[in-house]
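Have a look at the structure below before the remarks.
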Amino acid sequence: MSKTNTPEGTESTEQEAGAQLSTAPVEDRGPTLPRLGVIGWVRWFWRQLTSMRVALILLFLLSLGAIPGSLIPQSGTDPLKVTDFQKAHTTLGPLYEKLGLFHVYSSVWFSAIYILLFVSLIGCIVPRTWQFVGQLRGRPPGAPKRLSRLPAYATWRTEADPEQVRTAALAMMKKRRYRAHLAGNAVAAEKGYLREVGNLAFHMALIVMLIAFAWGQLFKFEGGKLVVEGDGFSNVLPQYDDFKSGNLFDSDRDLSPFSFTLDKFTATYARTGPEKGTPRTFRADVSYNQGADGTSKKTSIKSNHPLDIDGTKIFLNGHGYAVNVTVRDGKGKVVSQQAVPMLPLDSNISSQGAIKVMDGYRNAQGKKEQLGFSAWFVPTFAGAGKGTMFSQFPALDFPVLALNATHGDLGVDAGLPQNVYQLDTSHMKAFKDSQGKPLKSRLLPGETMKLPNGAGSITFDKNISEWVTFQISHQPGDTWALGGALAAIFGLAGSLFIQRRRVWVRAVEGPDGVTVVEMAGLGRSESAKLPEELGDLVGQLHAQAPSAPEPEPSTSPTAVPAAEGAETK
Amino acid sequence: MILAAATNENLAHTSNVLIYSSMAVYLLAFFANMAEWIFGSRSKVGRTAAALTTNAEAGAAASAVKIQVKQKNGGTAVLERPQVVTRAAAGARDVPDGPGASGGDEQGDLYGRIAISLTILAFLIEFSGVLTRALSVQRAPWGNMYEFNLTFSTVAVGVYLALLALKKNVRWLGLPLVTTVLLDLGLAVTVLYTASDQLVPALHSYWLYIHVSTAIFCGAVFYVGAVGTILYLFKDSYENKLANGGTPGRFATSVLERLPASQSLDKFAYRVNAAVFPLWTFTIIAGSIWAGDAWGRYWGWDPKETWSFITWVAYAAYLHARATAGWKGRKAAYLALIAFGCWIFNYYGVNIFVTGKHSYAGV
Ligand code: HEM
C-alpha cells in the first residue's frame, strides 16, 4: 500500500523468518492464466477459489446477498405479505419471483454463494491442516542472518561464553513453554501454536454448523394447532391447522407418535404499577402420552419453556378466550353448543370472532338455514355507558360478549377455505330489531339474546374457556449446530487472542573475543506485546550473562548492530 | 398499591431528570474538549512531515525506519537490562504519534483533564439515570429504543473511560465520543422517548439479559472502533499527502498532527474490533438459542437475525482482509466502516423500517 522506502532486504529477511508463522496461504498476485488444457483450467479455478482474495469476495457477496431477504417479504416467513406485494407490484412481482427474491435464502444464487464459500473453506482448511501438522512435526526455523532487522531486537556483549549463553537461553525458552531447539549458533524458539489450532477449529466449526443447519432444514417440520381447554391433539398430519416441512421430511417416518390434552391454561397479569396488564405467567397444564400407547404424564408448558417429546418441541405460542355458546331454534331445541375461539386484537385481549351454525337449524318457517354471529369479546369491560368494546384488562374481570346476528348462507360449501374468525356476509341477511335496525346486543355470561320473530336464541354460557395455540416443531441437528457454534467461539477467541511468535537468541564470539548476544522476536503483524515479552526474556538472560564492560569505541560495527539506522533513546 | 405506582412514576421522573442533567454535563465536557483542541492549536507540531521527509531523504541509507523504545528496568539484574529496539513491520510507514489534543500546551492539557473529569461525572449521572429507569420498570432497561439508546451511550462512554483507566492512549477519542453521545441522547429524549412501559412475555427470559446486554456492549465497542477507523482514514490521507510532497490545509494540519499516527489508529481500531468479534459471535448464538426457546426455531431469517448475520459476515470479511497481505490499510478500513454501518442499520433501520418478530419494541 503506502510507498515508504523499505530498505533492501528488510522484507525478505522478515518473510524468511516469518515463513509458516501462520498457515495462511501465500497470496499469489494477480491471476496468472493457466496453460491450456482442462486440467490446467480446473487447477487454476481451484487455486482461485481457495485463495484468500476469493474467500473475501465470497464473504462480501454473502452479506450482500442476504440483504434483499430482509427487505422484501419472504414466503417462508410471511406468505400473506408476499401475496399482497405481488398484487401491489404487478411489474416487480414476477421479476422478483423469477429472481427468487421471495425466498432468498433457498434461492439458487444464494445457495451458490454459500456453497462456493464452503467449498473454498474446505479447500482452504485441508491443506492448512496438513501444513500445520507438518509444522508441529518440524522445528521452528533457524535464526535469520540479520536479527537486527526484526521488529523487536536487543543485543549486548557478555563475558560468558557463547556455548553457555545458548544453553541458558535454550533452558529459559523451554521453561517458558516455547518449542525451542539449537540451530547452528542460535536458539530458535516458537510459541502460540494454539492460535492456529483455534483458527482451524473455528473454520471447521463453520462447516459443522452449515451441515447441521442444512440437515435441519431438510428434515424439519413445523406446525401450529389451536387447542381449547379440554381438547386434545395427536401428532398426525391431518390434526394440524398449518404445517410446513423440509424437502426430505416424510410424515410417516418423521412424525413421532404422541398426543396431549390441554387440561387448563392459566395466565396471570400484573394488577398494578407501570406494568399493569403485563402477563406474569402463562402456563398450559397438559397431559401427554408418549409413543403409541404410553401412560399419561402431566406437565406444564410455559413461554420460553417448551415441552420436548422425542426431540419434537411443543411451544406455547399464543392464547385467547373461547366463548361457549348455546344456540336454540324457535322451538327451544338446542341446535348447536360450541366453544368458539376469539381472535385477540390487542394486549388486553379485546377479541373478535365468528359463531357459525352450519346445520341443524331450521327457521321459524321450518326451512333449513344457516346462522352467523359476528362476535366481539372483552374479558374486562369498561362498564355500561363507557362505550366501546375495548378491554381494560386481559383477565376475566368483567367479560362481555357483543353479537350481531345474521342468517342465510354462510358460503362454507363453496369450497374456499374460510377464515374461522370472520363471516362471509355476502349471502347473509341481518336480523332486524323492533325498530328495523340490525339486531345487536351485549351479553353478560349467562344472558341470552333472542332472535326476532321466533327465530330462536343464543346464550352466552357462564363458563368461558381459554385456548392456546401450540407450535409443534422438530429440527434435527440442532445439538450439532450448538456444538459447532460453541467450538467456533472458542476457536475464534484462540485465533484472535493468542499470539504466535518466534524468538531467536544468537550468541557468537565477537572479533575481540567477547561474546555478542543478540535476541530478536517476530510475531504476526499486530504484536503489541512482543517487545515487552522480549524485554522480559532479555532481562532474564542478561541476569545470567551480564554485560561486559564497554569496549573502546573503535570496535567493529557488527558488535553493535543496533546503531545501524536505529536510534535508541 | 397506589403507593407503589407512585414510587415507580417518581423513579421514572427521577430518571428523566438525571438523563437531562447528564446531557448538561456532557455539554460542558464537550466545551472543555473543544477548549483543549483550541488551546492545543497554539503549539506548532510538525512531526509527521518531519518524519516523512527525513524518511524520504534517508532513502538510500541503510535503514529509514524510526525507532520507539521500550525501556524497562530489569527487576533482579544488577545491571540495567539491554534495551529492546523495535521497528515497524516492513513496508509500513513509520510516523510518530501526535501529542494529543492539547498539543503539549499546558492550558490545553488542563482543559483536557477537566473534560475527562466532566465526562466521568456525566457518565455517573447517566448511569444512575439508566439505573433508576430500570428500577422504575422493574426490569432491565432494554425494552425499547429510548432505553436502548441510553444504555448504548452509557456503555460507549464506559468503554472509553475504562480504556483511559487502563492507561491506553485514547484521549483523542474524547471529543468525537462526547459529541456523538450528545447526539444520541438528544435523539433519545426527543424522537425516541417512550414512557416507561411493559414488556411482551416473549422477553421474559434470562436470555434477554445475556443476549441484549452483550449486543449493546458489542455495539458500543464497535462504535469506538469505528471512530478510530474514521480518524485513521483522515490521518492516513494526511500522511499520504505529506509523503507525496503535498501541503495539507492549516486546519487539517493542526488537528491531524495531534492525533496518533495512522498506524496506531489503524491498530487501535483493529484490536478493538477483533477483541469484540468473538463476543458478537456469542451474541448471535445466544440470540438464536433464545429464539429456539421462544419461537421454536433457532434461525429463521427474521430481519434482525439477517442483519446480525450480515454484520457478522462483514466483520469477518474485515478480519480476513487484515489477515491477508494485499488488503491492509484503507481497503480494510472501508470494510470495517461498512460492517459498522450494517450494525447501525440493524439497530435503527430494522427497528424503524422493517417489520419482523423483533419489532415488538415500538420506537
Ligand atoms: C465461511 C466463511 C468464513 C468466515 C466467517 C471466516 C472467518 C474468519 C475470521 C473471523 C478470521 C479471523 C481470525 C484471525 O484473524 O486470526 C479468519 C481467519 C482466517 N481465515 Fe477465514 N473465514 C471464512 C472462510 C475462509 C475461507 C474460505 C478461507 C480460505 C480460503 C479462510 C482462510 C482463513 C485464514 C487463512 C485465516 C487466518 C489467517 C491468519 O493466520 O491470521 N477463511 N477467518
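The values are calculated or read from the model by the stated rules, or taken from the named source; none is laboratory data. Just so you know, these numbers come straight off a predicted model, no measurement behind them. Backbone-built Cβ (ideal geometry, glycine too); neighbour counts: all protein chains shown.
Just checking, how many residues over the stretch A:193-232 are within 15 Å of the ligand (Cβ to nearest atom), out of contact with any Gly (no Cβ under 8 Å at 6 or more places or on another chain) and either closer than 22 Å to residue A:501 by Cα or assigned to a loop (DSSP other than H, G, I, E, B) (or both)?
2
If a residue must be within 27 Å of residue A:382 (Cβ to Cβ) and not in a loop (DSSP other than H, G, I, E, B), how many such residues does the stretch A:418-450 contain?
9
Tell me, which residue of the stretch A:483-516 that is of a type outside the set (Val, Ile, Thr) and assigned to a strand (DSSP E or B) is nearest to residue B:274 (Cα to Cα)? So that I can check it myself, show each step before the final result.
From the stretch A:483-516, those of a type outside the set (Val, Ile, Thr) are A:483-488, A:490-497, A:499-502, A:504, A:506-507, A:509-513; that's our starting set.
Right, trim to assigned to a strand (DSSP E or B) and you get A:501-502, A:504, A:506-507, A:509.
Values: A:501: 18, A:502: 22, A:504: 28, A:506: 34, A:507: 38, A:509: 44 Å.
Among residues in the stretch A:483-516 that are of a type outside the set (Val, Ile, Thr) and assigned to a strand (DSSP E or B), the one nearest to residue B:274 (Cα to Cα) is A:501.
Quick one: which of A:128, A:146 is over 23 Å from residue B:301 (Cα atoms), within 16 Å of the ligand (Cβ to nearest atom) and of a type in the set (Lys, Arg)?
Values: A:146 fails: within 16 Å of the ligand (Cβ to nearest atom).
Matching residue, one of A:128, A:146: A:128.
Take the stretch A:62-91 and flag every residue that is touching a helix residue (DSSP H, G or I) at 6+ places or on another chain (Cβ under 7 Å), among the hydrophobic types (A, V, I, L, M, F, W, C) and surrounded by 20 or more Cβ atoms within 10 Å (Cβ to Cβ).
Within the stretch A:62-91, A:62, A:66 meet the criteria.
When you go through A:282, A:249 one by one, which is the residue that is assigned to a loop (DSSP other than H, G, I, E, B), touching a strand residue (DSSP E or B) at 6+ places or on another chain (Cβ under 8 Å) and more than 13 Å from residue A:307 (Cα to Cα)?
Of the residues listed, the single one that is assigned to a loop (DSSP other than H, G, I, E, B), touching a strand residue (DSSP E or B) at 6+ places or on another chain (Cβ under 8 Å) and more than 13 Å from residue A:307 (Cα to Cα) is A:249.
Just a yes or no: is a residue in the stretch A:264-271 more than 23 Å from residue A:226 (Cβ to Cβ) and within 14 Å of another protein chain (Cβ to nearest Cβ)?
Yes: one or more hits.
I want to confirm something. Restricting to the stretch B:272-283 and keeping residues that are among the aliphatic types (A, V, I, L, M) and buried (at least 22 other Cβ atoms within 10 Å of the Cβ), which single residue is farthest from the ligand (Cβ to nearest atom)?
Among residues in the stretch B:272-283 that are among the aliphatic types (A, V, I, L, M) and buried (at least 22 other Cβ atoms within 10 Å of the Cβ), the one farthest from the ligand (Cβ to nearest atom) is B:272.
Within the stretch A:131-142, count every residue that is closer than 23 Å to residue A:206 by Cα and out of contact with any Ser or Thr (no Cβ under 9 Å at 6 or more places or on another chain).
Count: 1.
So, in the stretch A:175-192, exactly how many residues are on the phi > 0 side of the Ramachandran plot and within 16 Å of the ligand (Cβ to nearest atom)?
Number of matching residues: 1.
Need the failing condition index for residue B:293 against (1) surrounded by fewer than 23 Cβ atoms within 10 Å (Cβ to Cβ); (2) facing chain A (nearest Cβ under 9 Å); (3) over 25 Å from residue A:218 (Cα atoms), just the number.
All conditions pass for residue B:293, except number (3).
Identify all residues within the stretch B:130-168 that are outside any helix (DSSP H, G or I) and under 22 Å from residue B:9 (Cβ atoms); write none if there are none.
B:138, B:139, B:140, B:141, B:142, B:143, B:144, listed by residue number.
Of the conditions (1) part of a loop (DSSP other than H, G, I, E, B); (2) modelled with pLDDT of 90 or more; (3) hydrophobic (A, V, I, L, M, F, W, C), residue A:410 fails just one. Which one is it?
Of everything listed in (1) part of a loop (DSSP other than H, G, I, E, B); (2) modelled with pLDDT of 90 or more; (3) hydrophobic (A, V, I, L, M, F, W, C), residue A:410 misses just condition (2).
Looking for something within 24 Å of residue B:292 (Cα to Cα) and within 16 Å of the ligand (Cβ to nearest atom) - is there at least one such residue anywhere in the stretch A:266-288?
The answer is no; no qualifying residue exists.
Being out of contact with any Leu (no Cβ under 8 Å at 6 or more places or on another chain), at pLDDT 85 or above and within 11 Å of chain B (Cβ to nearest Cβ) narrows it down to one of A:543, A:548, A:488, A:566, so name that one.
A:543
Could you look through the stretch A:47-83, keep only residues that are hydroxyl-bearing (Ser, Thr, Tyr) and within 11 Å of the ligand (Cβ to nearest atom), and pick out the one that is farthest from the other protein chains (Cβ to nearest Cβ)? I'd like the intermediate steps shown before the answer.
Going residue by residue through the stretch A:47-83, those that are hydroxyl-bearing (Ser, Thr, Tyr) are A:50-51, A:63, A:70, A:75, A:77, A:83.
Going one step further and asking which of them are within 11 Å of the ligand (Cβ to nearest atom), we end up with A:50-51, A:63.
On the way: A:50: 13, A:51: 9, A:63: 4 Å.
This residue is A:50.
Just need a number here: residues in the stretch A:445-462 that are β-branched (Val, Ile, Thr) and either touching an Asp or Glu at 6+ places or on another chain (Cβ under 8 Å) or surrounded by 18 or more Cβ atoms within 10 Å (Cβ to Cβ) (or both).
Qualifying residue count, the stretch A:445-462: 2.
Restricting the search to the stretch A:101-128, which residues are more than 21 Å from the chain's Cα centre (by Cα) and modelled with pLDDT under 85?
Of everything in the stretch A:101-128, nothing turns out to be more than 21 Å from the chain's Cα centre (by Cα) and modelled with pLDDT under 85.
Inside the stretch B:307-351, can you point out the residues that are more than 9 Å from chain A (Cβ to nearest Cβ) and among the hydroxyl-bearing types (Ser, Thr, Tyr)?
The answer is B:308, B:315, B:318, B:334, B:347, B:348.
Regarding the stretch A:319-329, can at least one residue be identified that is buried (at least 18 other Cβ atoms within 10 Å of the Cβ), in a loop (DSSP other than H, G, I, E, B) and within 26 Å of the chain's Cα centre (by Cα)?
no
Out of the stretch B:284-311, which residues are touching a helix residue (DSSP H, G or I) at 6+ places or on another chain (Cβ under 6 Å), of a type in the set (Gly, Ala, Ser) and within 16 Å of the ligand (Cβ to nearest atom)?
If the condition is that a residue be touching a helix residue (DSSP H, G or I) at 6+ places or on another chain (Cβ under 6 Å), of a type in the set (Gly, Ala, Ser) and within 16 Å of the ligand (Cβ to nearest atom), then B:308 is the only one that fits.
So which residues in the stretch B:294-314 are more than 14 Å from residue A:66 (Cβ to Cβ) and in contact with a Phe, Trp or Tyr (Cβ under 7 Å, 6 or more places away or on another chain), if there are any at all?
Within the stretch B:294-314, the subset more than 14 Å from residue A:66 (Cβ to Cβ) is B:294-298.
Hit for the stretch B:294-314 is B:296, nothing else.
I'd like the residue in the stretch A:149-166 that is more than 11 Å from every other protein chain (Cβ to nearest Cβ) and of a type outside the set (Asp, Glu) and, out of all such residues, is nearest to the ligand (Cβ to nearest atom).
Checked the stretch A:149-166; the qualifying residue nearest to the ligand (Cβ to nearest atom) is A:166.
Examine the stretch A:89-108 for a residue that is within 14 Å of another protein chain (Cβ to nearest Cβ) and within 16 Å of the ligand (Cβ to nearest atom), and state whether such a residue exists.
Yes, the stretch A:89-108 contains a residue that is within 14 Å of another protein chain (Cβ to nearest Cβ) and within 16 Å of the ligand (Cβ to nearest atom).
Which of the residues spanning the stretch A:457-496 are more than 16 Å from the ligand (Cβ to nearest atom), among the hydrophobic types (A, V, I, L, M, F, W, C) and under 12 Å from residue B:285 (Cβ atoms)? Walk me through how you get there before you give the answer.
Taking the stretch A:457-496 as the starting set, the residues that turn out to be more than 16 Å from the ligand (Cβ to nearest atom) are A:457-480, A:482-483.
From what is left, the residues that are among the hydrophobic types (A, V, I, L, M, F, W, C) are A:458, A:460, A:464, A:467-468, A:470, A:472, A:480, A:482.
Hit for the stretch A:457-496 is A:482, nothing else.
State the number of residues belonging to the stretch B:312-334 that are out of contact with any Leu (no Cβ under 8 Å at 6 or more places or on another chain), within 12 Å of the ligand (Cβ to nearest atom) and not basic (Lys, Arg).
Qualifying residue count for the region: 5.
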